1. Can you work out the PRE-style zone for GLU56? Point 7 Å along Cα to Cβ, and I want the residues of segment 1-21 with backbone N under 18 Å.
2. Taking the Cα atoms only, what angle lies between the long axis of helix 134-144 and the longest principal axis of the chain, rounded to 10 degrees?
3. Relative to the present Cα-Cα distance, how much length would full extension add between VAL269 and SER221 at 0.36 nm per residue of separation?
4. Pull up the DSSP beta bridges for the chain and report the antiparallel fraction as a percent, rounded to 5.
5. Using Cα-Cα distances under 8 Å and only pairs 6 or more residues apart, what relative contact order does the chain have, in percent?
6. Which one of TRP226, TRP353, TRP115 has the biggest mean-square fluctuation once the chain is modelled by GNM with Cα springs under 10 Å?
7. Once you place label points 7 Å from the Cα toward the Cβ at LEU28 and ALA106, how far apart are they in nm?
8. Angle between the Cα long axis of helix 50-60 and the longest principal axis of the chain, 0 to 90 degrees, nearest 10?
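Read the figures in this text as sums done on the coordinates, not as results from a lab. No experiment lies behind these values; they were computed from the predicted model shown. Note: ideal-geometry Cβ built from the backbone for every residue, glycine included; neighbour counts use all protein chains shown.
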Amino acid sequence: MNNEKYVSVIIPIFNEKKYIRQLLNSLLQQDYPKDWFEILLIDGRSEDGTREEIKEIMASSPEFSHLHITVLDNPNRIVPCALNIGIKEARGKYIIRMDAHSEYAANYVSKCIEWLEKTNAANVGGPMMAVGNGYIGKAIEFAHHCRFGLGGGRFHDEQWSGYVDTVYLGAWPKRIFTEVGLFDERLIRNQEIEFNARIRKGGGRIYLTPKIQSYYHCRNSLGGLWKQNFENGKWVVYTKTIAPYALSWRHFIPFVFVASLIGSASLSVILFCLELFSVSDISQFRFSILSGFSFVLPAGIFSCYALANILSSAMLSYKQGFRYFFMLPIVFATLHFSYGLGSIWGLLTVRKWVVKNTLATKARRH
């Protein structure tokens with residue numbers, strides 16, 4: 001073991017039988033010396049035979065004997081718990097997080113270490129380069145890299161390099177976890193955003209470079225996209241409740257848009273009903289200025305959004321292919337409405353979540 005260069009790669013896994021061989025092959029292809037890194041697979045008690053598949057791969061393929069693989073148990077089955085288990089067990093000077101559903105360049109590990117040492121940053125990583133399959137999947141991929149789609153976070157920009165607020169996945173000197181603490185196990189999502197916010201609060205810096213390359217397999221269906229972003233929107237509210245320093249204003253734009261649309265439309269209906277029932281003869285009914293304006297407001301909000309959606313779709317399809325023009329508006333609307341509705345649901349359920357989470361945290365400690 002080279003202690004000065006030794007790396008611990010931590011990977012949360014759960015029901016990854018279909019993907020585990022691809023992941024291990026990706027690690028086998030790394031140009032970083034095999035004796036200089038360990039692989040910690042933190043399994044959330046998979047039910048599809050993932051562990052058995054790992055054993056079979058290791059036994060049937062002699063080349064995998066060069067990898068130092070340890071499988072750890074994650075009884076709580078959530079990502080922040082898996083990460084903390086891996087961090088505590090890690091022997092490396094550096095810790096690199098990977099995801100089982102992503103693909104990695106052969107120099108991924110070596111580039112992470114190179115840029116940690118070049119920048120002396122507390123965290124380095126590359127952009128979140130989405131890859132989709134099929135007509136819908138490719139449209140979702142393009143939307144991920146569009147400012148109108150996901151709000152323009154720097155880690156979605158394939159060309160950007162410099163200091164940022166967060167990166168995809170991440171690589172850290174192990175000492176950072178002593179200085180800042182571990183991942184917040186209350187956050188099923190956004191745990192990396194909250195952790196990076198703590199790094200910045202403590203004076204640490206986070207560096208993004210396109211030299212660190214990985215490819216994230218995004219959703220390939222509108223249903224999958226809706227479900228994913230509804231949860232993302234919900235967890236933005238939950239995260240804001242316990243870590244108000246962690247999120248920026250851009251995380252709440254879909255919430256403001258959807259809430260204003262629903263609110264103004266609801267007000268229009270209420271005012272219309274009040275005026276309608278205030279007259280004894282339906283022939284005498286007339287819109288007042290107030291109720292007339294209340295109908296114009298939601299129509300104006302929706303019209304502005306529709307125009308922005310169509311223009312963004314047109315510009316993106318001009319670069320990626322005009323056949324995507326018909327799908328991109330639907331993808332953008334799915335992204336924004338699911339996220340916004342998720343945030344509204346989060347606002348309605350946050351008190352219940354806080355109580356439930358407090359009890360769950362106490363139970364884990366005991």
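1. Zone members listed by number: 14-21.
2. The answer is roughly 90 degrees.
3. Full extension of this stretch gives 13.9 nm more.
4. DSSP beta bridges in the chain are roughly 30 percent antiparallel.
5. Relative contact order, the chain: 17 percent.
6. Comparing TRP226, TRP353, TRP115 in a Gaussian network model of the chain, the most mobile one is TRP353.
7. Taking the simple label geometry, LEU28 and ALA106 are separated by 1.4 nm.
8. Orientation of helix 50-60: about 30 degrees from the principal axis.
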